[in-house]
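Worksheet: the structure to be examined is printed underneath.
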Number of protein chains: 2
Amino acid sequence: MTAPTRRPRKLAAAAARTVAELYDIANQLRIDSVEATTAAASGHPTSCASMAEIMAVLFFRIMRFNPSTPHAPENDVFVLSKGHAAPILYAAWAEAGAFPRERLLTLRQFGSDLEGHPTPRLPFVDVATGSLGQGLSAAIGIAFDARLAGIDRRTFVVLGDGESAEGSVWEAAELAPRLSVGSLCATIDVNRLGQSQPTMLEWEMDVYRRRWEAFGWQALVVDGHDVAALIDAYDKAARTTDRPAVILARTVKGKGLLGVEGKENEHGKPLPPTEAKQAVAALREKLHGAHGPWEPVRPITRVSSAKTRQLTTASAPPYAIGGKPVAPRKAFGDALAALAGSDERLVAIDGDVENSTYTEFFQKAAPQRFIEGYIAEQNMVGIAMGLAARGRVPFVATFGAFFSRAYDFVRMACIGHNAIKLAGTHVGVSIGQDGPSQMALEDLATMCAPPDMTVLYPADATSAWRATELAASHPGPFYLRLSRPEAPILYGADERFEIGRCKVVRQHGDDRVVVVAAGVTLFEAISAHDTLARDGIHVRVIDLFSVRPVDRDALVEAARACGGRVVTVEDHYAHGGIGDTVLASLSGTRAVVHKLAVREIPRSGKPAELLDHYGISARSIIEAVRTMMGERGQ
Amino acid sequence: MTAPTRRPRKLAAAAARTVAELYDIANQLRIDSVEATTAAASGHPTSCASMAEIMAVLFFRIMRFNPSTPHAPENDVFVLSKGHAAPILYAAWAEAGAFPRERLLTLRQFGSDLEGHPTPRLPFVDVATGSLGQGLSAAIGIAFDARLAGIDRRTFVVLGDGESAEGSVWEAAELAPRLSVGSLCATIDVNRLGQSQPTMLEWEMDVYRRRWEAFGWQALVVDGHDVAALIDAYDKAARTTDRPAVILARTVKGKGLLGVEGKENEHGKPLPPTEAKQAVAALREKLHGAHGPWEPVRPITRVSSAKTRQLTTASAPPYAIGGKPVAPRKAFGDALAALAGSDERLVAIDGDVENSTYTEFFQKAAPQRFIEGYIAEQNMVGIAMGLAARGRVPFVATFGAFFSRAYDFVRMACIGHNAIKLAGTHVGVSIGQDGPSQMALEDLATMCAPPDMTVLYPADATSAWRATELAASHPGPFYLRLSRPEAPILYGADERFEIGRCKVVRQHGDDRVVVVAAGVTLFEAISAHDTLARDGIHVRVIDLFSVRPVDRDALVEAARACGGRVVTVEDHYAHGGIGDTVLASLSGTRAVVHKLAVREIPRSGKPAELLDHYGISARSIIEAVRTMMGERGQ
């Protein structure tokens, strides 16, 4: 793939500054960072001070952007991976005129969008940072979006040296050179000091360089306080378009701050008011008077990325009730491939299991929008965060169990409201012989926890197809729980599925117990229903489908209709899954819920053996129903 | 630190084999892998075949071990990081005489310990593998244990090339050279093919070499099917004791297997019976007759690592009721430091936040048993898995939010029953201004999910001290949820705390509602209690303390005593936390539970502001109590 044609540098809203001006700006950013953190009585001024020249050079010499429309697709993008340096990020945007400088003093106050770590509540922030080691992955996603869209935009990301110990950074580092994102430029602020002690590599700049070069990057070592050297390095990086560049900037923590420059044990500590005043006075003395105050540019207008547009598929789900059984994961693959053609925003990322998750169908349909993420789940989710921030609809697929690898990224995506779409296959003991390491058995507990996450768990191919469409068209983060085994087709193509709505699949005027199931256990519940019906015992069977949000009204109604007798059955551990969700929904109704779930670490075996052994098969459901009826009378 | 004196090679149970014999053994291992996976009709024979010579050389030439006591501390240790190659691991142990070869044909059958991926149900397995990229970290833990104990044992680990894309591998790679574990020897089986396609680097052996060297390892590139070359490389590695070594073995996937050698799309596919027979026949033809069958060695006796010994601290918790408030996280640090002296098995690992988690006290007390893990949480937990497997009591501390980074490791530690001890600090909105990225708000959902995990959530310093002792003496995996703010001392030094037992902290003959709280919300509950009492409304207040297992009997009893009116209040999201745990406990009792929890993504602010705004302060409790009494009468 070829890089898009570079467009002239006409966008720079703040005209490129001279070296003297940039030194002034750097010190002004230091002043702002000190004043804001001292006012807040918390924050990380020394982590800001080390990167002041980097910020000055990037924002006021290198980057092309219009601060009044910070999210506009044509602007260069800046990601602050070392999110604890938020004050200097805010200061830079204030300096650029995005908002009045006075607002900096609201840092960390309740109600201020200038939070302790950046979140996309701010229009110039794409992804929430503060959990270290995530920004580079997000930046790849942002750069990849630009490449797909043919926009000549560059993406800049600044990392701390401490955070470059995170494995996720190396996942991003190894993949980026393979994605033709030469427009990506990372900077590592090597200020030598972590929170509690010196970093692993301190100032071993050559080791840094060798590592990044070995990972395929153009790596440039530079004095991070030398404005001219920084400009030179960034210019060099801009001329290299065949691979991403990393600027390894040797800096001093607390640089320029009286009394704390280069000192240990000054991480995350604001200067006390008196010291802050002295430090600011000293910084002011250094100003050449060469800089501003710049004219504020126009107020920010948030550019909508139209994330909520409803998608349609090329065709209805092609499965016939009672037809050949199809695995829900395969139906997901079918649907995703069908969606590929109808919406250019879709991107799929897989971790070398595309022949298990069936994203290989999408890969075939839209190869240019498929990212092979290899076996590196954190980076996959991080890239999706960046893509989502730019209005793409990124599906990330792997075994459900392995999203546990990327859970911190999922957590941060939810904090940042990045509408990532996760498709977790091979869930529960029903995967069979591969054993517990491959079984997602805690994914409902984890995925349902963050507010705003939507979790669907389709049982058959038709509902899996529809769930995939719902995920694609929903404006928030999403998890699809997709079973491995083939499943009978339960629903016709005209069946309507909605987020937050369950399906009553078996119903009778004389239902005595309601069985709430989902995925593979739905078929166990239906089987139990049939057996019990032969004995004249009627049970209502619900396909929960939407685990979060859950269809509380329908559950309450069904429980009431069945005398308050409820059995839940799930291929998931007992904590935080379907049973607990139903319990929470029925709280206050006096319904009695009998929860069937996996209650020990399972082992290898055939799917049917395991369902039965761990107490979530038709046999256990029948037993639970009979017990419950015995307890509470017929 | 100096490496322990090397001891003579007297332990080799299977006498060192000749090159011809080793080729025979390699092919025998191939035969076993093919036969077992074909019998199971699932599994990964091609991933076994590529590493047959590696296994033959390691097990029958390089490693010193007694197969009848595989877990004995003096044996060299082997970790199969690429867990899907389990059949060849089992075959090697059978070949060594650890169990009869016939048992290999029970692979993946329900009830057989020869599961799809290895677990410590088998006495020769330290940690469960199968989620890729974890074995190297565990091996570091095992090697570190040997160093601490002064045992001249070597640790070998084989990784796949695909899995070396996992960031966790690079976290392990960057740390190992700093830990004086020259006894550690990794091998990467570079067979070029992943599951769905070629790996990222295919056979770019020089890139592999440069990366590992840049990370500080002795890296040796070798033909992984050349027995003599492998022996030479492992001998070279043995002579390097100042840093760990990695053997980069260029291999062919499916090597030696008729019809599949070197082919794509043969990952995870057993040979059909006819093809298997032909492949086995071809392999048999290659045998020189130079090898065995070896005499089986004595049957395995599991060596107990005496994990359950009760610990005592040097002294009782030093906090006085009503005395100076102390943060629970600090009390954890105090207790851990006190325990350091009383038990040599304790190791602490921190991620550059030891001055926030207060493991710095332990670091001071027992510097040789403190590991600075830097900002790399996966590797920290992985090291702890290896340490726990060897009978150490490893505490890993960081912000609770950042254990989400290592959740897949936590999941696997639970599968492997490795008794890791996780101390998560800075939980909930009560951390204040740093904002949501630093707040653990889903950690109860995640940590309570795996069976056998114990979760304690102390509210004050005394209970935090006792919780730390309980964690140290408990034989299973453990999570301590530790609040950031200072808290009043509620309990005296003689108060007895137990896993699975709560505390009733306020009680009256006329209690109308029971409020279940924990951590910071306990003090809100007490404050609500006091306010309500002034109005003549009595509420019972429970300090849940033990979230998993939960004190069901006490909760049922309290709910009954209070007319079935229950309010839960937690500094955690609404899903999977204390409220849901209480709901599940009271299922069937007809109690009504009103759940107070954080229900949206929070923002920065002062702790008290946030507790109040997100509805978990005394004010909300009072409101909930009044509403509940209005609803259900007084």
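State whether the residues of region B:579-599 include one that is surrounded by fewer than 24 Cβ atoms within 10 Å (Cβ to Cβ) and acidic (Asp, Glu). No: region B:579-599 contains no residue that is surrounded by fewer than 24 Cβ atoms within 10 Å (Cβ to Cβ) and acidic (Asp, Glu). Among the residues of region A:435-449, those identified as touching a Phe, Trp or Tyr at 6+ places or on another chain (Cβ under 7 Å) and of a type outside the set (A, V, I, L, M, F, W, C) are A:Gln438, A:Glu442, A:Asp443, A:Thr446.
Restricting attention to region B:163-196, the residues that are within 16 Å of B:Ile54 (Cβ to Cβ), in a helix (DSSP H, G or I) and touching a Gly at 6+ places or on another chain (Cβ under 6 Å) total 1. Any residue in region A:83-103 that is within 14 Å of chain B (Cβ to nearest Cβ), aromatic (Phe, Trp, Tyr) and assigned to a helix (DSSP H, G or I)? Among the residues of region A:83-103, at least one is within 14 Å of chain B (Cβ to nearest Cβ), aromatic (Phe, Trp, Tyr) and assigned to a helix (DSSP H, G or I), which makes the answer yes.
Identify, please: which residue in region A:569-581 is more than 7 Å from chain B (Cβ to nearest Cβ) and assigned to a strand (DSSP E or B) and is, among those, farthest from A:Pro436 (Cα to Cα)?
Restricting to residues being more than 7 Å from chain B (Cβ to nearest Cβ) and assigned to a strand (DSSP E or B), the top hit is A:Val569.
Only a single criterion out of (1) buried (at least 24 other Cβ atoms within 10 Å of the Cβ); (2) in contact (Cβ under 8 Å) with a residue 60 or more places away in the chain; (3) farther than 24 Å from B:Glu344 by Cα is not satisfied by B:Tyr407, namely (2). B:Ile622 falls short on exactly one of the conditions (1) more than 7 Å from every other protein chain (Cβ to nearest Cβ); (2) of a type in the set (A, V, I, L, M); (3) open to solvent by 20 Å² or more (accessible area, probe 1.4 Å); (4) without any contact (Cβ under 8 Å) to a residue 40 or more places away in the chain, and that condition is (4). Summed over region A:582-602, the residues that are facing chain B (nearest Cβ under 8 Å) and under 15 Å from A:Ala449 (Cα atoms) give a count of 1. Would you pick out the residues in region B:582-617 that are over 24 Å from B:Gln438 (Cβ atoms), of a type outside the set (A, V, I, L, M, F, W, C) and in a helix (DSSP H, G or I)? Selection gives B:Ser585 alone. Evaluating A:Tyr374 against the criteria (1) open to solvent by 20 Å² or more (accessible area, probe 1.4 Å); (2) more than 9 Å from every other protein chain (Cβ to nearest Cβ); (3) not in a helix (DSSP H, G or I) leaves one unmet condition, (2).
Given the conditions (1) more than 17 Å from B:Val396 (Cβ to Cβ); (2) touching a helix residue (DSSP H, G or I) at 6+ places or on another chain (Cβ under 8 Å), and given that B:Ala139 satisfies all but one, which numbered condition is not satisfied? Just one mismatch for B:Ala139, condition (1).
If a residue must be more than 11 Å from chain B (Cβ to nearest Cβ) and without any contact (Cβ under 8 Å) to a residue 60 or more places away in the chain, how many such residues does region A:345-357 contain? Reasoning before the result, please.
Restricting attention to region A:345-357, the residues satisfying the condition of being more than 11 Å from chain B (Cβ to nearest Cβ) are A:345-349.
Those left that are additionally without any contact (Cβ under 8 Å) to a residue 60 or more places away in the chain: A:345, A:348-349.
Of the residues in region A:345-357, 3 are more than 11 Å from chain B (Cβ to nearest Cβ) and without any contact (Cβ under 8 Å) to a residue 60 or more places away in the chain.
Scanning region A:603-619 for residues that are of a type outside the set (Ser, Thr, Tyr), crowded, with 22+ Cβ neighbours inside 10 Å and at the interface with another protein chain (Cβ under 10 Å from one of its Cβ atoms) yields A:Arg603, A:Gly605, A:Leu610. Scanning region A:497-538 for residues that are open to solvent by less than 40 Å² (accessible area, probe 1.4 Å) and touching a Leu at 6+ places or on another chain (Cβ under 6 Å) yields A:Cys502, A:Val516, A:Ala518.
Yes or no: A:Phe156 crowded, with 23+ Cβ neighbours inside 10 Å, over 30 Å from A:His267 (Cα atoms), more than 7 Å from every other protein chain (Cβ to nearest Cβ) and at pLDDT 95 or above? The answer is no for A:Phe156. Go through the residues of region A:243-259 one by one and say whether even a single one is open to solvent by 50 Å² or more (accessible area, probe 1.4 Å), within 32 Å of the chain's Cα centre (by Cα) and at pLDDT 95 or above. Yes - at least one qualifying residue is present in region A:243-259.
Please give the helices (runs of 4 or more DSSP H) falling wholly within region A:404-522 in which 2 or more residues are more than 14 Å from chain B (Cβ to nearest Cβ) and modelled with pLDDT of 95 or more. Write out each step before concluding.
Details: elements: A:407-415, A:443-447, A:461-473.
Qualifying helices (runs of 4 or more DSSP H): A:461-473.
Residues that are over 30 Å from B:Leu107 (Cα atoms) and of a type in the set (A, V, I, L, M, F, W, C) are absent from region A:597-619 altogether.
I'd like to know if region B:235-242 contains one or more residues that are closer than 30 Å to B:Gln278 by Cα and not small (Gly, Ala, Ser). Steps first, answer last, please.
Step one: filter region B:235-242 for residues closer than 30 Å to B:Gln278 by Cα, giving none.
Within region B:235-242, not a single residue is closer than 30 Å to B:Gln278 by Cα and not small (Gly, Ala, Ser).
Residues satisfying the criterion are absent from region A:379-399 (criterion: assigned to a helix (DSSP H, G or I), open to solvent by 10 Å² or more (accessible area, probe 1.4 Å) and on the phi < 0 side of the Ramachandran plot). Entry remark, region A:112-152: residues being at pLDDT below 95 and either at positive phi or at the interface with another protein chain (Cβ under 7 Å from one of its Cβ atoms) (or both) number 1 in total.
Have a look at B:Val566, B:Val541 and point out the one that is among the aliphatic types (A, V, I, L, M), more than 10 Å from chain A (Cβ to nearest Cβ), open to solvent by less than 10 Å² (accessible area, probe 1.4 Å) and assigned to a strand (DSSP E or B).
B:Val541
In region A:476-490, the count of residues that are in contact with a strand residue (DSSP E or B) (Cβ under 6 Å, 6 or more places away or on another chain) and aromatic (Phe, Trp, Tyr) is one or more. Among the residues of region A:172-193, is any open to solvent by less than 20 Å² (accessible area, probe 1.4 Å), among the small types (Gly, Ala, Ser), out of contact with any strand residue (DSSP E or B) (no Cβ under 7 Å at 6 or more places or on another chain) and more than 13 Å from chain B (Cβ to nearest Cβ)? Yes: region A:172-193 contains one or more residues that are open to solvent by less than 20 Å² (accessible area, probe 1.4 Å), among the small types (Gly, Ala, Ser), out of contact with any strand residue (DSSP E or B) (no Cβ under 7 Å at 6 or more places or on another chain) and more than 13 Å from chain B (Cβ to nearest Cβ). Across region A:102-127, the number of residues qualifying as surrounded by fewer than 20 Cβ atoms within 10 Å (Cβ to Cβ) and charged (D, E, K, R) comes to 4.
Among the residues of region B:202-215, the ones that are assigned to a loop (DSSP other than H, G, I, E, B) and surrounded by fewer than 19 Cβ atoms within 10 Å (Cβ to Cβ) come to 3 in all.
The values are calculated or read from the model by the stated rules, or taken from the named source; none is laboratory data. Just so it is clear, the model here is predicted, and its values are computed rather than measured. In this analysis, Cβ positions are derived from the backbone assuming ideal geometry, glycine residues included, and neighbour counts consider all displayed protein chains. What goes into the accessible areas is simple: the full protein's heavy atoms, side chains included, and nothing from ligands, DNA or RNA. Shrake-Rupley method; radii C 1.70, N 1.55, O 1.52, S 1.80 Å.
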